[in-house]
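The values are calculated or read from the model by the stated rules, or taken from the named source; none is laboratory data. For clarity, every value in this text was computed on a predicted model and none was experimentally measured. Positions of Cβ are generated from backbone atoms using ideal geometry, with glycine treated the same way; all protein chains shown enter the neighbour counts.
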Amino acid sequence: MAGIIIGFSRDASYAFFALGNLRVEFYMVLSDGTVIQELDYLDESTIMNCQGDITGMWNSTKRSYSFHVPKDMSRATVKWRTPAGKGTLSLTSTTQPHFPDGSMWPSQGARTEMAPSLHMNQPIAGGRVIADVELSSSKRMQLRGFGGHGRLWAQGGWFDIVDGFHIIRAYAGPYTISYWRPISRLNKGDVYHSAQLFNHGKLLAATQLGEKSQTKDYILFSNDFRGKVSGGLTDKSTGHVLEFISPSRGKTWRFLVEHMRKKFEMGLGGETGISGFTNRVTGGEAGGRQYEGRGFSEQTIFPEEIAKWRIWIVYGIGYFNRGKSFVLRIARWLS
């Protein structure tokens, strides 16, 4: 089981350290368990809008990353070239672009706010992926599977607006799942939800309600501890259970998301931090056919404040290259 995550950020959360606001996060886990983790800081970024087609480029000497999304959001292409390797990832959508409340794009009345000061839209909730990768070791591979593309923006830094969050993307048979569960720092401790379930690419259920209702569709989220793979931080869950419930239709769709490999982990002190996993996914409609597939999940707990020395290490990971794993182990030991 393999997976790739590439995140492009313009984030001024740590501008007071004068390290720059442009970064690319690259996480890859191979089927043999090899983990490649790069946090790159770039000198410049450019966003181009050509008749609705969007192209982004993040560049520095000897390192470049780019993405391209056409106006209809039917696909996305990412390319990268760094000392660690190069590659191309192509994502072809099988779902409809939508907003946090499940409203389809385009919409005149949809809101992008998912939680206080945190906004999102999803050009591609799910789609088919082909990735051609060449590592610096001259090892070449082609990966095929499923993935998604989302866009986030915020009125403040991560440490200002959220205490943490869960993210799940999952695929099982005809079903595609997208789920965000941010915990607000502005409305202290309040939990927000954005959940969408697709069947054969068509929206089947969507809700921002995370508690039981007699009339409205809702989502129930719970942690599972029966598996074998967990993170090394506070959250020791080995997976999650998602239940989409529609009282008006008398239907429930239940899915178990089970951690199979840890894709990345970054401690931020006091057992807080970020962990990401590749997952085995099983489930379907209650009483109906059950399916098996794959997924990705991320779980994050942010500290109330973070020591400046630790920020230097976290933001310096991209500069330590081969030594960064050792530095992260030292950082966790010191916390």
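At a glance:
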| quantity | calculated |
| --- | --- |
| Test: P106 is touching a strand residue (DSSP E or B) at 6+ places or on another chain (Cβ under 6 Å) and part of a loop (DSSP other than H, G, I, E, B) | no |
| Those residues of the range 28-66 which are assigned to a loop (DSSP other than H, G, I, E, B) and surrounded by 11 or more Cβ atoms within 10 Å (Cβ to Cβ), in sequence order | L30, S31, T34, L42, D43 |
| Residue count for the range 83-108, restricted to those that are under 30 Å from S137 (Cβ atoms) and either surrounded by fewer than 18 Cβ atoms within 10 Å (Cβ to Cβ) or among the small types (G, A, S) (or both) | 8 |
| Number of the exception - M114 against (1) within 22 Å of L209 (Cβ to Cβ); (2) loosely packed, with under 15 Cβ neighbours inside 10 Å; (3) at pLDDT 95 or above | (2) |
| Residue check, M260 closer than 25 Å to A2 by Cβ, among the aliphatic types (A, V, I, L, M) and over 16 Å from the mean Cα position of the chain (by Cα) | yes |
| Residue that is basic (K, R) and modelled with pLDDT under 95, where the choices are K216, K262 | K262 |
| Meets criteria (modelled with pLDDT under 95, farther than 22 Å from V191 by Cα and not in a loop (DSSP other than H, G, I, E, B)) for E292 | no |
| Candidate set from the range 238-279 (those that are charged (D, E, K, R) and surrounded by fewer than 20 Cβ atoms within 10 Å (Cβ to Cβ)); member that is farthest from V35 (Cα to Cα) | R249 |
| Unmet requirement for G210, which otherwise passes all of (1) within 25 Å of F277 (Cβ to Cβ); (2) touching a Ser or Thr at 6+ places or on another chain (Cβ under 9 Å); (3) part of a loop (DSSP other than H, G, I, E, B) | (2) |
| Residue that is surrounded by the most Cβ atoms within 10 Å (Cβ to Cβ), among those in the range 213-237 that are in a strand (DSSP E or B) and without any contact (Cβ under 8 Å) to a residue 24 or more places away in the chain | N223 |
| Where a residue in the range 147-172 is in contact (Cβ under 8 Å) with a residue 60 or more places away in the chain and more than 19 Å from G126 (Cβ to Cβ) and its partner, wherever it lies, is crowded, with 21+ Cβ neighbours inside 10 Å and small (G, A, S), with Cβ under 9 Å and at least six apart | V162/A115; F165/A115 |
| Total residues in the range 1-27, condition more than 29 Å from R294 (Cβ to Cβ) and either modelled with pLDDT under 70 or part of a loop (DSSP other than H, G, I, E, B) (or both) | 10 |
| Contacts under 8 angstrom Cβ, first residue in the range 176-193 being surrounded by 22 or more Cβ atoms within 10 Å (Cβ to Cβ), partner part of a loop (DSSP other than H, G, I, E, B) and β-branched (V, I, T), 6 or more apart | T176/T94; T176/T95 |
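Table: residues versus (1) polar (S, T, N, Q); (2) outside any loop (DSSP other than H, G, I, E, B); (3) within 19 Å of the chain's Cα centre (by Cα).
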site: Q142; (1), (2), (3): yes, yes, no
site: N187; (1), (2), (3): yes, no, no
site: F198; (1), (2), (3): no, yes, yes
site: A206; (1), (2), (3): no, yes, yes
